[in-house]
Structures are given as structure tokens and as C-alpha cells.
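The values are calculated or read from the model by the stated rules, or taken from the named source; none is laboratory data. Values in this document were obtained by computation on a predicted structure and should not be read as measured data. Neighbour counts are summed over all protein chains in view; Cβ atoms, including those assigned to glycine, are modelled from backbone coordinates with ideal geometry. In case anyone asks, the SASA skips ligands and DNA or RNA and just uses the protein heavy atoms, side chains included. Shrake-Rupley method; radii C 1.70, N 1.55, O 1.52, S 1.80 Å.
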Amino acid sequence: MNYRKINLLVIPMTLMMLTVVVGDLLLINNREYHVFFSVVTLLYLLPYLYVILWSRYQLPFAWSIVFFIVLKVYFIVMGNVNGSIILSDGGDAAAFHIPQAQNLTSFADYIDHLFSLGGVYNGRLTHVLLALYSTVLAYFNFDQFAYINIYNIAYIFNSFICVGTLFVYYRAALIYSSSVGFSRRAVWFIAFNPFFLLITSLPQKEPLLFFALSLFLFFLVQVKKNYFILLASLLIILLERVYMIPLLVIIVVLFDNKKIITPMNIFLVLAGLILIERFIGFETALSMHEGHVESLTELEGSFVGGHGFISNIIRTFFGPAFFRPFLSEYISDNILYLSHSLLFIFYSYIAIKSIANPKRIGVVILISYLYVLAFVPFHGTFKTLLVVSFSGLFLDKISFIKRFNKPEMKIMATKQQRRSVPIG
């Protein structure tokens, strides 16, 4: 690799990292909005999108992992120095996940919490892991009930889970495309996505959900299916967010549309229905869904009025509003939060492209949007989780550079075969 290529690869990443640091310095003593914050935010987004949409060169996978770890280390150090961890004490982690974990004090509690037919149905495995993290804190004489300590240890283990997610994601992209460039771009897309960086930092279920969805993608793209991987993925999803199971079963059935009706697909549909009925029950699931809908709609934070069919289509495919970072009441803790909001216009572009390309990963993204539209059109976090998880393998349909999808792996394999043929 020549120096020009190295510069083209490193400069965007360096600019993104410096932008995060400058943004923190600007916001650390001033939480009032200024338009300059949004300008700085663009200095993170533009290099990020440049690599996805226009760059012919891709950051090697190992480099992406190194830069990802550097960012993660920076975030936890900065969070402890400026006190932003304490400021964030009050979200779902502190209000729900951590209290649930603190009720688990024995191995029997862990098993009962994971597999009981009552109680909570979201974040079960996360609660058990948080309980185990608290045990580790107590063993080393740290206060196991202090939010900052729980956050720090969960952050460390979540970072390991994220690195595992990126490894699985890279392998899935490599199998799907037979292209090193495609796979590197896919890893770049997810590793430095603001939502992925932010949501996986918290003591919540999203790190496990991202890992489970990477396993799910790995299963989908395999020629010879390994159903153990699918089972592992669905088990994590079942314990963390049970209402995703129908979506994933539908995706498995429709992913290869030439073989919709097969014995295995029929089995998966029936098994999914039986599993949901036995684990939670359809009546309970519907009741939970209604309660979830009410809690979200009561927030009244949507710019689109009402919850009719047309408004929900707009809300699903084009929301949340990407211009919120330009409104003073939505100023957030750092540049990544602003970047996350601005990226919603990019996700809308992905939605439109999935409608125009409803094949393979395109159909996965389209089904995900339709599922959100049907059940939770105002759940922006859920939609973003699906879009970010699946779109890394859809970049050949949205990038303006098509040459990166050249099947380098097949070419290398052919060369290896030629070298292995004995002469004479």
C-alpha cells in the first residue's frame, strides 16, 4: 500500500476523532446551543459518509478495530473526567436494567429470571450479566451499587462484545460479497456509526442485540446453513427483545425468495409461534405491545401530528427529524449525539433504496421498515438498531463507487488454486 492510499485511509478517521475531542471541549462548559456545534458535527459526518459513499480505498479491518478501541478508551476516560457518566444516570439503564439486575443474588435467581414464564421479558440476559458484573465489583471491594462503577465495568465488557460483533460482521460481509473492500466498508459503516458507538456504551441490552443480529446476518449469508448459529442468535433475541422473533423468522423465510416454502421454513414459522406462545403468550405480548405504544405516544415528541396510516409512513421512513440538532432544545451531551440525529436523512435514503432493490439484503431492510411501520412506527431506537445492523451489507446499492464490490477473494482463491497445481 502506497503513502497516498495510507493518507486517504487515515485522514478521515483522524479528522473524525479530532472532531469528537473538539466537540467535547466546546460542550464541556457550555450546554446552550450554538450553530457552530452543528458545523463541527459535520466534520465527523462528512468523512464518515465519504468513506461509505465515495472512497475507493477502505481502512483495513485490523485498523478499524484499533481505531474503534481508541475511541472507546477515550469515551470512558472522558466520561469519568468530566462527570458525564453521572449526568446520564437516569435513563433506561438506571431506571430499569440495573434495578432488575440488583434483584438477582444467586445462580437460582439467574436461571429463574432467564427462563421463567412471568416477570419482565426485555433484557433478561443483560440483567444477569449486570448482576455478574456487580459480583466482580464486590469481589474487588468496589461499591457494587454505585452507578459509575456499574457503568464502567459494563462499558468494558460491552466493548469486548462490540469487538466480537465487528469480527462476526466482517466475516458475514466477506461471505456475502467475496470482497475484502466490501467487507472493510461494511465494518467501517457499523463500527463508527454514532448510534452504535453511543448505545453500546450503556448498561443496556443493545450490545447483545447487535451481537445477536450479526450472528443472524452470518447465518443468512451462508450457503450451507448452520442452524446452531441461528438458534444462538434467536435465543439471545428471545431473552433480550422477544417481539423481534417474528421479524427474524419472516426474514429467514423471505431472504431467499426462490425457496420460500421449504420444510425448514415451515418448521421455523411453527417453532417461532409455539416459542412465543409458550414463553410469553400472544395475549400477554399484545398487552405489552399496547402498553409500549401508549408509553411512547405519550411522550408527544413527534413533529408529525397524529398516528394515522400516512403519518406513520412518514414517521417510519423519514423520521425522526434530522434537523433536531439545529434546534436549541435538542442540544445533547456530545457531537456523536448530534451526528446520530443528522444521519436520519441518510437512513431515509437507505429506506428508499431498499424499496427500489427488494432482493437479498434489500428485502431484509425493507421488511424491517415494514415491521416497524406495522407495530412501532414511533420507536426510533428500534428502527435505528435494525437499519444499522443490516445496512452494512447493502452498501453496494447506496455507494456511488461500484468498483469496491470486485470479488477480490475469488480472484485470490483462483491464484491459490493455480499455485497449488503441480507442474507437469
When the range 90-104 is checked residue by residue, the ones that are at pLDDT below 90 and either among the basic types (K, R) or surrounded by 12 or more Cβ atoms within 10 Å (Cβ to Cβ) (or both) are G91, D92, A93, A94, F96
Does R184 qualify as being closer than 30 Å to T41 by Cα and basic (K, R)? yes
Search the range 228-256 for residues that are outside any helix (DSSP H, G or I) and pair each with any residue that is open to solvent by 10 Å² or more (accessible area, probe 1.4 Å) when their beta-carbon atoms are under 7 Å apart and the residues are at least 6 apart or on different chains. R241/N122; R241/K205
Name the residue that is nearest to V187 (Cα to Cα), counting only residues in the range 40-52 that are open to solvent by less than 10 Å² (accessible area, probe 1.4 Å) and modelled with pLDDT under 90. T41
Considering only residues that are open to solvent by 20 Å² or more (accessible area, probe 1.4 Å) and of a type outside the set (F, W, Y), which ones fall in the range 115-140? S116, L117, G118, G119, V120, N122, L125, L129, L132, T135, V136, A138
Within the range 53-89, take every residue that is open to solvent by 60 Å² or more (accessible area, probe 1.4 Å) and part of a loop (DSSP other than H, G, I, E, B) and give me the one that is modelled with the highest pLDDT. W54
Could you tell me how many of the residues in the range 199-221 are within 11 Å of the chain's Cα centre (by Cα) and aromatic (F, W, Y)? 2
If you go through the range 102-152, how many residues are within 22 Å of T200 (Cβ to Cβ) and charged (D, E, K, R)? 1
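Could you tell me whether any residue of the range 153-172 is among the polar types (S, T, N, Q), at pLDDT below 95, open to solvent by less than 50 Å² (accessible area, probe 1.4 Å) and within 15 Å of H97 (Cβ to Cβ)?
No, there is no match, as no residue in the range 153-172 is among the polar types (S, T, N, Q), at pLDDT below 95, open to solvent by less than 50 Å² (accessible area, probe 1.4 Å) and within 15 Å of H97 (Cβ to Cβ).
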Find the residue count for the range 108-127, including only residues that are out of contact with any Asp or Glu (no Cβ under 8 Å at 6 or more places or on another chain), modelled with pLDDT of 85 or more and among the β-branched types (V, I, T). 1
By residue number, the members of the range 373-383 that are among the β-branched types (V, I, T) and either surrounded by 21 or more Cβ atoms within 10 Å (Cβ to Cβ) or assigned to a loop (DSSP other than H, G, I, E, B) (or both) are V376
Checking the condition touching a residue at least 60 places away in the same chain (Cβ under 8 Å) and assigned to a helix (DSSP H, G or I), which residue from I148, I111 passes? I148
What's the number of the only condition in (1) buried (at least 17 other Cβ atoms within 10 Å of the Cβ); (2) of a type in the set (V, I, T); (3) not in a helix (DSSP H, G or I) that V223 fails to meet? (1)
The listed residue being modelled with pLDDT of 80 or more and either open to solvent by less than 10 Å² (accessible area, probe 1.4 Å) or in contact with a strand residue (DSSP E or B) (Cβ under 8 Å, 6 or more places away or on another chain) (or both), out of L386, L370: L386
Out of (1) under 24 Å from T381 (Cβ atoms); (2) at pLDDT below 90, the odd one out for Y133 is which? (2)
